[in-house]
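As structure tokens, the structure follows; a few thoughts come after it.
The values are calculated or read from the model by the stated rules, or taken from the named source; none is laboratory data. Please read all numbers here as calculations on a predicted model, not as lab measurements. Here the Cβ positions follow ideal geometry from the backbone for every residue, glycine too, while neighbour counts run over all protein chains shown.
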Amino acid sequence: MNIIEKNIIKIKKKIIKYTQKYNRNIQNIKILAVSKNRNIQEIEKAFYLGQTCFGENYIQEAIKKIHNISLNIQWHFIGKIQSNKIHIISKKFSWCHSVTTERHAYLLNKYRSNLEKPLNILIQINMDAEVNKNGILIKNIFNIAHCLTKFKKIKLRGIMVFPYIRNNIKDQIVIYKKINLIFNKLKKNFPSINTLSLGTTQDMEASIASGSTLLRIGKGLFEN
Ligand SMILES: *Cc1c(COP(=O)(O)O)cnc(C)c1O
């Protein structure tokens, strides 16, 4: 068995364990394979093991992969958005997790082809108001969400959060529950919302405990 195969089994076991522990429906939790710094062979391997959604952070790197892999992959952009590359995100990806301004939404909408399905959008939240982290402050979330609904070629699907990892699970769950509250409030107000992109290799348990629907797993999938 290769590393990726072993890892997928490990991750699935964990997901089963935590969904039981926290009374979640396993159907509502998906894995996004974070493939930054991974090569085409690794992505193809994961694909043939059943992984169909992949997340990329850097446009240059992503575009090479998207053009050279002819598999039916759903590509998610999860990196920081740069305005001069936003047309590429709009044209080449199915999802963008890192929208933080109305201007992003305007441009993603503008460049999206009419022939494609609307681009799925998540608003990135900077939960702890960290200085160098991408994302909007919680107090602005409803305002931005509302602005996004006027664009026809993008579809607001939820929020993405990448909090710093606390030392213990209890502290993690305290803050992650706050994320869950915000998510549920938004969901009530915006019917298209159903996605909470929360959780990486290190914080799967707290994320599943707190309603994550999309885990963004990199190291845990590709590394030994
Ligand atoms: C790299 C990255 C991940 C994956 O983190 P791992 O610890 O490798 O699982 C998840 N989300 C974002 C936004 C990332 O940049």
*Only one of (1) in a helix (DSSP H, G or I); (2) hydrophobic (A, V, I, L, M, F, W, C); (3) surrounded by fewer than 18 Cβ atoms within 10 Å (Cβ to Cβ) is not met by Val131, so which one is it?*
(1)
*Criterion: away from the ligand (no atom under 16 Å from the Cβ), hydroxyl-bearing (Ser, Thr, Tyr) and in contact with a Lys or Arg (Cβ under 9 Å, 6 or more places away or on another chain) - qualifying residue of Ser192, Ser197*: Ser192
*asked:* Residue under question is Phe93, and the condition is that it be on the phi < 0 side of the Ramachandran plot, within 13 Å of the ligand (Cβ to nearest atom), of a type in the set (Phe, Trp, Tyr) and at pLDDT 95 or above; does it hold?
replied: no
*What are the residues in the range 156-177 that are among the charged types (D, E, K, R) and within 16 Å of Gln124 (Cβ to Cβ), if any?*
Arg157
*Any idea which of Gln202, Gln124 is out of contact with any strand residue (DSSP E or B) (no Cβ under 9 Å at 6 or more places or on another chain) and within 13 Å of the ligand (Cβ to nearest atom)?*
Gln202
_Residues (within 12 Å of the ligand (Cβ to nearest atom) and either at pLDDT below 95 or over 19 Å from Thr195 (Cβ atoms) (or both)) located in the range 36-65_ = Lys36, Asn37, Arg38, Tyr58
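A quick yes/no check of all residues on (1) crowded, with 19+ Cβ neighbours inside 10 Å; (2) in contact with a Ser or Thr (Cβ under 7 Å, 6 or more places away or on another chain); (3) at negative phi; (4) not polar (S, T, N, Q):
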site: Ile144; (1), (2), (3), (4): no, no, yes, yes
site: Lys155; (1), (2), (3), (4): no, yes, yes, yes
site: Tyr164; (1), (2), (3), (4): no, no, yes, yes
site: Asn167; (1), (2), (3), (4): no, no, yes, no
site: Ile175; (1), (2), (3), (4): no, no, yes, yes
site: Asn189; (1), (2), (3), (4): no, no, yes, no
site: Ile217; (1), (2), (3), (4): yes, yes, yes, yes
*Please find, among Lys80, Lys110, the residue that is at pLDDT 95 or above, surrounded by fewer than 21 Cβ atoms within 10 Å (Cβ to Cβ) and within 14 Å of the ligand (Cβ to nearest atom).*
Lys80
*Of the residues Asn39, Asn57, Asn72, which single one is among the polar types (S, T, N, Q), without any contact (Cβ under 8 Å) to a residue 40 or more places away in the chain and closer than 24 Å to Asn132 by Cβ?*
Asn57
*Within the range 144-155, is even one residue within 14 Å of His97 (Cβ to Cβ), more than 14 Å from the ligand (Cβ to nearest atom) and either in contact with a Phe, Trp or Tyr (Cβ under 6 Å, 6 or more places away or on another chain) or of a type in the set (Lys, Arg) (or both)?*
yes
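Looking for whichever is in a helix (DSSP H, G or I), in contact (Cβ under 8 Å) with a residue 12 or more places away in the chain and within 16 Å of the ligand (Cβ to nearest atom) here; the options are Leu221, Leu215, Leu186. Which one fits?
Exactly one of Leu221, Leu215, Leu186 is in a helix (DSSP H, G or I), in contact (Cβ under 8 Å) with a residue 12 or more places away in the chain and within 16 Å of the ligand (Cβ to nearest atom), namely Leu221.
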